[in-house]
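Note sheet for the following structure.
The values are calculated or read from the model by the stated rules, or taken from the named source; none is laboratory data. On a predicted model such as this, the values are computed, not experimentally measured, just so you know. Virtual Cβ from ideal backbone geometry, glycine too; neighbours counted across all protein chains shown.
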Amino acid sequence: DPILMCTTPEIVRHEAGRLLESMRGTAGHIFNLGHGITPQARLECMQALVDTVTGWH
């Protein structure tokens, strides 16, 4: 949801983690921003998303 990028880094980390956890045990997952990035997106939220996804184990 592109609107998540307009919230807070904490919310972004929580929601990204929830999605990643739901995919645990599957063969793989491509994580992208298929709906794009709105002009209102906060840079710190984008960074939180990238950090969460790349740091997932």
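Scanning the stretch 23-32 turns up no residue that is of a type in the set (Ser, Thr, Tyr) and in contact with a helix residue (DSSP H, G or I) (Cβ under 7 Å, 6 or more places away or on another chain).
Looking at the stretch 43-57 only, could you name the residues that are farther than 14 Å from residue 30 by Cα and not in a helix (DSSP H, G or I)? Answer for the stretch 43-57, where residues must be farther than 14 Å from residue 30 by Cα and not in a helix (DSSP H, G or I): 55, 57.
Conditions (1) surrounded by 15 or more Cβ atoms within 10 Å (Cβ to Cβ); (2) hydroxyl-bearing (Ser, Thr, Tyr); (3) under 12 Å from the mean Cα position of the chain (by Cα), marked per residue:
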{"site": "20", "(1), (2), (3)": "yes, no, yes"}
{"site": "23", "(1), (2), (3)": "no, no, no"}
{"site": "35", "(1), (2), (3)": "no, no, no"}
{"site": "47", "(1), (2), (3)": "no, no, yes"}
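Among the residues of the stretch 2-38, those identified as modelled with pLDDT of 95 or more and not in a helix (DSSP H, G or I) are 7, 8.
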